[in-house]
1. Hey, THR344 hits all of (1) in contact (Cβ under 8 Å) with a residue 24 or more places away in the chain; (2) within 22 Å of ASP263 (Cα to Cα); (3) surrounded by 17 or more Cβ atoms within 10 Å (Cβ to Cβ); (4) touching a helix residue (DSSP H, G or I) at 6+ places or on another chain (Cβ under 6 Å) but one; which does it fall short on?
2. Just to verify a result, which residue in region 25-44, among those that are without any contact (Cβ under 8 Å) to a residue 40 or more places away in the chain and within 26 Å of the chain's Cα centre (by Cα), is farthest from GLU69 (Cα to Cα)?
3. For ALA325, all conditions in the list (1) without any contact (Cβ under 8 Å) to a residue 24 or more places away in the chain; (2) out of contact with any Ser or Thr (no Cβ under 9 Å at 6 or more places or on another chain); (3) surrounded by 18 or more Cβ atoms within 10 Å (Cβ to Cβ); (4) small (Gly, Ala, Ser) hold save one; what is the number of the exception?
4. Considering each of SER183, SER156, SER125 in turn, give the residue that is surrounded by 20 or more Cβ atoms within 10 Å (Cβ to Cβ) and either touching a strand residue (DSSP E or B) at 6+ places or on another chain (Cβ under 6 Å) or at negative phi (or both).
5. Output the number of residues of region 263-287 satisfying the condition of being within 11 Å of the ligand (Cβ to nearest atom) and part of a loop (DSSP other than H, G, I, E, B).
6. Among ALA309, ALA318, which is the only one that is within 14 Å of the ligand (Cβ to nearest atom), outside any strand (DSSP E or B) and of a type in the set (A, V, I, L, M, F, W, C)?
7. Check region 236-250 and report whether any residue there is within 11 Å of the ligand (Cβ to nearest atom), exposed (fewer than 15 other Cβ atoms within 10 Å of the Cβ) and either touching a residue at least 24 places away in the same chain (Cβ under 8 Å) or not hydroxyl-bearing (Ser, Thr, Tyr) (or both).
8. Output the residues belonging to region 95-140 that are in a helix (DSSP H, G or I), within 10 Å of the ligand (Cβ to nearest atom) and within 30 Å of SER163 (Cβ to Cβ).
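The values are calculated or read from the model by the stated rules, or taken from the named source; none is laboratory data. Just so it is clear, the structure is predicted and the values come from calculations on it, not from any experiment. Ideal geometry is used to build each Cβ from the backbone, glycine not excepted, and the neighbour counts take in all protein chains shown.
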Amino acid sequence: MKIGVPKEIKPQEGRVALLPEQVENLTGDGEEVFVQKDAGLLSGISDQDYSAAGATICQTAAEIFEAAELIVKVKEILPAEFDLLQKHHILLTNIHSANDRPQLDQLLKVGLTAIAAEDTHQFGSPNCPLAGEVGAFEGVRLSLAHHGGTGRHFMSHFGAPVSKAIVLGLGHVGRGALRTLLSLGVEVVGLDINPGARKQASLDWHNAHFRADDIANLHDYLGAADMIFNCVMWPKHRNDHLIHRSDLARLKPTAVIVDISCDEGGAIETSRPTSWQDPVYVEDGIRHFCVDNIPGAVPISSSAGYASALLPHIKSIAKHGVLEACRRDLWLAQGLNCVDGILTLEEAARVQGRDFTPAAEILNK
Ligand SMILES: NC(=O)c1ccc[n+]([C@@H]2O[C@H](COP(=O)([O-])OP(=O)(O)OC[C@H]3O[C@@H](n4cnc5c(N)ncnc54)[C@H](O)[C@@H]3O)[C@@H](O)[C@H]2O)c1
């Protein structure tokens, strides 16, 4: 199969979908891999490294989309890439269709098959822990006084209290945030709806400044927090929130909200996605950090995890064809967003008022 790896065009996105190691594996199987010039630069990989692994280097994105059937990327298809899509393409990338009507319009109009990589990871997305770890690091940075923060240190000095954080959601991202915060010495309350998640975090961090509590008690902690991290995956159809606009008045004016989930109008009513170029905005006097590609800040590490997680899926698609690969692996099938332009993702259908055909119906034909 002809596999294309375009260079990511989202501002300050340094990740790349495949490293030379995966390219070598695929070319060893007899697949052809096309990599766009400089695609790996910010992940520390040169075009020569890709050539040595057996890839053909293409000068432009247009050449990649023309040459390849399977397009493997990291981020969503952005408007500048819309016209490059073709009906015979199989797209494997992070898509987040339910949140992005223009992108989904285009995928359906072109009539291609698309798989959302974010939904294909049996053991959680490899970049989620990283997003929590780096997002928490940014929160600590923003808690310093010269950034407008509360000015509390994350370590105890001379009896002065350490900074306090709330982590909402103790899943892959939330546990990543705990790793950074608790390693530094921050005092953390972790809130989750799931007793199992609370229990596991309590066991993991029994010897740190950590307590887990039910999300129902969130309001007890808001007033004392220097940093609030949102790591809850908020269902797209929900119109309620965990932190409402009116709650912002209860926070310290120097507190910062780091919304790692960054669903617009999701768990945090006042959140909207931002970029590394302009990561923070102020809403009702409270700073919000809502960068939606946090792992892009550590591309060397995040590309390695992402590429190795995608490789088995790519190999299977190349060997069996996309539909048979989905029949053989329910995790891959779970990522199907559309097949030949037919929407298969119920969540996007529900949020955007579209018709859909369950993927199982197509796969069982
Ligand atoms: N900004 C970024 O760059 C970036 C990167 C990776 C992931 N994310 C986002 O981070 C979010 C979290 O991902 P994850 O992999 O940790 O998800 P996850 O499913 O592993 O964890 C979510 C946690 O939230 C808890 N939860 C669900 N509903 C809740 C509620 N109402 N109240 C309290 N807790 C609740 C769940 O029990 C679970 O423990 C996702 O939305 C994901 O898209 C963002």
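1. Going through (1) in contact (Cβ under 8 Å) with a residue 24 or more places away in the chain; (2) within 22 Å of ASP263 (Cα to Cα); (3) surrounded by 17 or more Cβ atoms within 10 Å (Cβ to Cβ); (4) touching a helix residue (DSSP H, G or I) at 6+ places or on another chain (Cβ under 6 Å) one by one, THR344 breaks only (1).
2. LEU41
3. Condition not satisfied by ALA325: (2).
4. SER125
5. The number of residues fulfilling the criteria is 7.
6. That would be ALA309, the only listed residue that is within 14 Å of the ligand (Cβ to nearest atom), outside any strand (DSSP E or B) and of a type in the set (A, V, I, L, M, F, W, C).
7. Yes, because at least one residue in region 236-250 is within 11 Å of the ligand (Cβ to nearest atom), exposed (fewer than 15 other Cβ atoms within 10 Å of the Cβ) and either touching a residue at least 24 places away in the same chain (Cβ under 8 Å) or not hydroxyl-bearing (Ser, Thr, Tyr) (or both).
8. Scanning region 95-140 gives ASN127, CYS128, PRO129, LEU130, ALA131, GLY132, VAL134, GLY135.
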